[in-house]
Amino acid sequence: MIGKTFSHYKILEKIGEGGMGVVYKAEDTKLRRTVALKFLPKELTCDEEAKQRFIQEAQAAAALDHPNICTIYEIDESKLAPAEAGVGHTFISMAYIEGQSLNQKIKAGSLEIDEALAVANQVARGLQKAHEKGIIHRDIKPANIMLTEEDQVKIMDFGLAKLSWGVDLTKTATIMGTVAYMSPEQARGEQVDYRTDIWSFGAMLYEMLTGERPFKTTHDQAVLYSILKEDPIPMTKIRKDIPKELERIVQKSLEKDPKKRFTSMSALLTDLRSVGRPPISVAAGKPSIAVLPFVNMSTDPENEYFSDGLAEDLINALTKITDLHVVARTSSFAFKGEKVDIREIGQKLNVDNLLEGSVRKVGNRVRITAQLIKVADGYHLWSERYDRDMEDVFAIQDEITEKIMDKLLVALDVRGKPPEEHGPIDVEAYNLYLKGRYCLNKFEMDKALAYYEQAIEKDPVYALAYAAVAEVYTLLSMGFDILPNKEAMPKAREAAQKALELDPHLAEAYVSLGLVALSYDWDPKATKEYFQEALELNPNSSSAHQWYEFYWTYLEADLDEATAHLERAQELDPLNFLIKVRLGFMSIFRRDYDDALDQFRVLADLEPNFALLYLSFATAYVFKGMYDEAITCGKKMLESGPPVVAAIGNMGWFYALAGKKDKAKEFLAELEERSKKGYVSSFWTAAIYLTLGELDKSFEWFEKAIKERDGNMLYFTIPPVFDPVRSDPRYKNLLKKMGLGHLIDKLPSVDK
């Protein structure tokens, strides 16, 4: 065989042999590259129908594009069969991988925990990609995992296993030589799905960590019996330093009932990524708490705004205590109306303590019960009931906060800042304010603004209401593109400044001023100062950290600092979906589209039909050049959410980048039609012309957007869509007009 040529491949040396055939190192004489040729066993390809099925499988596998999957170049046949006994004519040409198999590495001893996790994460990402494409490996084992010299994982032999399992089980087991990694359903000869790969993955991870197979005897049939009937020895009995969480992941992967395993590789990846990360409260050395939404016990269900508002006020008061880790409202309120065990809530929110309670409001009287619970054992550290007039509601909040400080902080010899005393309260104004916040949390912006303005009418010195008005106006412009910046942002600035005149210590007002400076003034210095002031007043404000990321991303192009603030925001608000999405966009801005897609796939298990998630997928796909996938996700975005201007604009440039110019122009026309009826950001029209290659029109519209102080011009900096035009003098001039000339040499481009 050595030295012979088959098709345009010259055989150089034999590099392996197994149940799936013989592998040779070869030279591709056409493309002058080294490849691996695998000649398949006769029994896999001697039947014409079976061979066609195999070719279809191999073609599907060849379509997989992932850094952790070995690339298949082509399938071909030799005119002369190789001399090896039992080897057929059909062969596969694939990438030649320099390195060693995972099997070889394990023979030298079990892997270190970090090393095993690095390999496992890469294998899981590759399998995740395959499963999304409807391809199941069916033969995951250490011998089919190659480790390159740069420690990159390559999964081998995709698409080969399905055909082999169509023959007799005993014969197949002999051919494959992988009985130890078969799932129970595979061992029984039943139909299998992606969960069979999860089982095999678990068996392989067990072996990586212990150096031993989970099911091992001297004969194949005995191994099959063990797989079907017995449980493996717990890993921690073999190796003491294996984290309990990692042992749980392996045990769940090896559940004999497929329904009890992980629901997907995405779910498994999520748990794998959490291994070794210390709990936030432990890492920070602080006691931690989550305030759950208080239960509305009133006969009138509309009083729910009051019970929610009370819990939010307690969260806001507690976040000002520097030495206490407090989970933000978004995450705490994720459990509203759910009957979930406190231990599960504590685990998901990563806190040691929970505050829960109830509110019964009748007229101007209120009864509040509150209890502080230790998550570990369910022990009630403190509980109290209050029957008061509404005028005393702030006094009740202060008292509850002090009790929590006594129990959590003093006992741990940590000192916290006592809550500030509240001034006189107008009960009716307070009720209106709470109703506004209740509507805002449901994104009913007009109703929220109306309630806040009514609260100010009742109490013209109510600082919190002014800060809330400022927040609504920033969201109407920057968050939802409903009002033009020129209309919304001056009103936001005026309201925030009034709030600070009345109360100079309102972190929320500084956040609003930071957003005005960020997206309306495009003023890096002022933006930074406002956010720093907000965080100095309230270092536990997840909102401040979340928005401060925008400053570092768009006004400084410092993605490391931006990511740090997002990660801090996520610590404070661990279930906030928007923060998780933004972390995925950090990878897009770094041009690491595979990593972004990996993060979005994990999120898909949490919110499978969320318009923003479809937009995220589409954005990553379009820059990766996977245009069909991008457009498919874009269509789902339009189907699952309101057809806002930003969605229309994004679809226009998705189609333009995909080369479908007529479709892109349809979305341009839709934006023009909408502009006749209401506000439409000029930025999106400019962006579509840019991706269509009509640069003159594009820059004309960008000029118009700058004159309008269009808030979307904030995105004119880091996103990859602008890479092709960064060297254009017009692009640089626009940055200078925005006061962002310092970014010119910091931004990436196609030339860098």
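Computed from the coordinates by the stated procedures, all read-outs in this text should not be read as laboratory data. What you see is a predicted model, and the numbers here were worked out from it, not measured in a lab. FYI the Cβ positions are ideal-geometry reconstructions off the backbone, even for glycines, and counts take in every protein chain you see.
Assign one of three labels to the stretch 182-255, namely rounded, prolate or oblate, based on the Cα gyration tensor with a ≥ b ≥ c the square roots of its eigenvalues; rounded applies when a/c is under 1.5, prolate when it is not and a/b is larger than b/c, and oblate otherwise. Write down the numbers at each step before the final one.
Values: a/c = 2.43, a/b = 1.43, b/c = 1.70.
Cα axes put the stretch 182-255 in the oblate bin.
Treating the angle as unsigned and between 0 and 90°, give the value, to the nearest 10°, between the Cα long axis of helix 427-441 and the longest Cα principal axis of the chain.
Long axis of 427-441 versus the principal axis of the chain: about 20 degrees.
Between 0 and 90 degrees, rounded to the nearest ten: what's the tilt of helix 48-62 against the longest Cα principal axis of the chain?
Relative to the chain, helix 48-62 is tipped by roughly 40 degrees.
Listing Glu230, Glu670 from the residue with the fewest other Cβ atoms within 10 Å to the one with the most, what is the order?
Numbers: Glu230 12, Glu670 17.
With the fewest neighbours first, Glu230, Glu670 line up as Glu230, Glu670.
Take the Cβ-Cβ distance between Val427 and Asp558 as r, set R0 to 45 Å, and report the resulting FRET efficiency rounded to the nearest 0.05.
0.45
Which entry in (i) 89, 54, 53; (ii) 94, 68, 41; (iii) 81, 73, 47 matches Cα extents along the principal axes in Å derived from the coordinates of this structure?
Only one listed value fits the structure, namely (ii).
Can you pull the three principal axis extents for the Cα set of the stretch 101-274, in Å, largest first?
40, 35, 31
Hey, if you drop one equal point scatterer on each alpha-carbon of the stretch 505-563 and run the Debye formula without solvent, what base-10 log of I(q)/I(0) do you get at q = 0.25 Å⁻¹?
Listed by q, the Debye log ratios stand at -0.95.
Fully extended, how many nm does the chain gain between Glu694 and Gln532 (0.36 nm per residue separation, minus their Cα-Cα distance)?
Numbers: separation 162, 0.36 × 162 = 58.32 nm, distance 4.09 nm.
Length gained between Glu694 and Gln532: 54.2 nm.
Taking θ = phi - 60°, what integer Hz values does the Karplus form 6.51 cos²θ - 1.76 cosθ + 1.60 yield along the stretch 195-203, in sequence order, with x for Gly and Pro?
Rounded to whole hertz, the list is 5, 5, 5, 5, 4, 4, 4, x, 5.
Would you mind computing, in nm to one decimal, how far apart the modelled labels at His219 and Glu567 are, each placed 7 Å from Cα along Cα→Cβ?
5.4
Long-range amide H contacts for Phe6: which residues qualify at under 5 Å (H placed 1.01 Å from N, peptide plane, sequence gap of 5 or more or a different chain)?
Ile11
How large is the helix-only mean residue ellipticity at 222 nm for the chain, computed as the sum of -39500 (n - 2.57) over DSSP H runs with n ≥ 4, divided by its residue count, in deg cm²/dmol to the nearest 500?
Details: 34 runs with 376 residues, N = 752.
So the helix-based figure for the chain works out to -15000 deg cm²/dmol.
So for the chain: antiparallel DSSP bridges make up what percent, rounded to the nearest 5? Don't jump to the answer; show the numbers that get you there.
Details: 53 of 61 bridges.
Close to 85 percent.
Can you list the aspartates and glutamates whose alpha carbon sits under 17 Å from that of Lys660, skipping same-chain ones fewer than 8 residues off?
List returned: Asp628, Glu629, Glu670, Glu694.
Ranking Thr553, Thr263, Thr270 by Cβ neighbours within 10 Å, fewest first, what do you get? Don't skip to the answer; put the middle values down first.
On the way: Thr553 25, Thr263 12, Thr270 18.
Placing the least packed residue first, the sequence is Thr263, Thr270, Thr553.
Please find the FRET efficiency linking Asp592 to Asp151, where r is the Cβ-Cβ separation and R0 is fixed at 22 Å, and quote it to the nearest 0.05. Each step should come with its number before you reach the end.
On the way: r = 17 Å, r/R0 = 0.78.
The value I calculate is 0.80.
Suppose each label sits 7 Å from its Cα in the direction of the beta carbon; what would the Arg367-Lys133 distance come out to in nanometres?
About 6.4 nm, to one decimal.
So if each residue of separation counts as 0.36 nm, and I subtract the Cα-Cα distance between Lys229 and Tyr73, what length gain in nm does that give? Before the final figure, lay out each step's value.
Values: separation 156, 0.36 × 156 = 56.16 nm, distance 4.14 nm.
Taking 0.36 nm per residue and subtracting the Cα distance, the gain is 52.0 nm.
Please give every one of the aspartates and glutamates within straight-line cross-link reach of Lys244, meaning a C-alpha to C-alpha distance under 14 Å, and leave out same-chain neighbours fewer than 8 residues apart.
Those aspartates and glutamates meeting the cut-off are Asp271.
Treating only the Cβ of Lys, Arg, Asp and Glu as charged (+1, +1, -1, -1), what charge dipole size does the stretch 101-274 show about its Cα centre? Round to the nearest 20 debye.
Values: 26 positive and 25 negative charges, 69 e Å.
The calculation lands at about 340 debye.
Can you put Leu64, Leu268 in order, fewest other beta carbons within 10 Å first? Before the final figure, lay out each step's value.
Numbers: Leu64 20, Leu268 25.
Neighbour counts put them in this order, fewest first: Leu64, Leu268.
Note down the relative contact order for the stretch 101-274 as a percent, whole number, built from C-alpha pairs under 8 angstrom at least six residues apart.
Numbers: 228 pairs, mean separation 44.6, N = 174.
Here the relative contact order equals 26 percent.
In nm, to one decimal, how far is the Thr236 label point from the Lys442 one, both placed 7 Å along Cα→Cβ?
4.6
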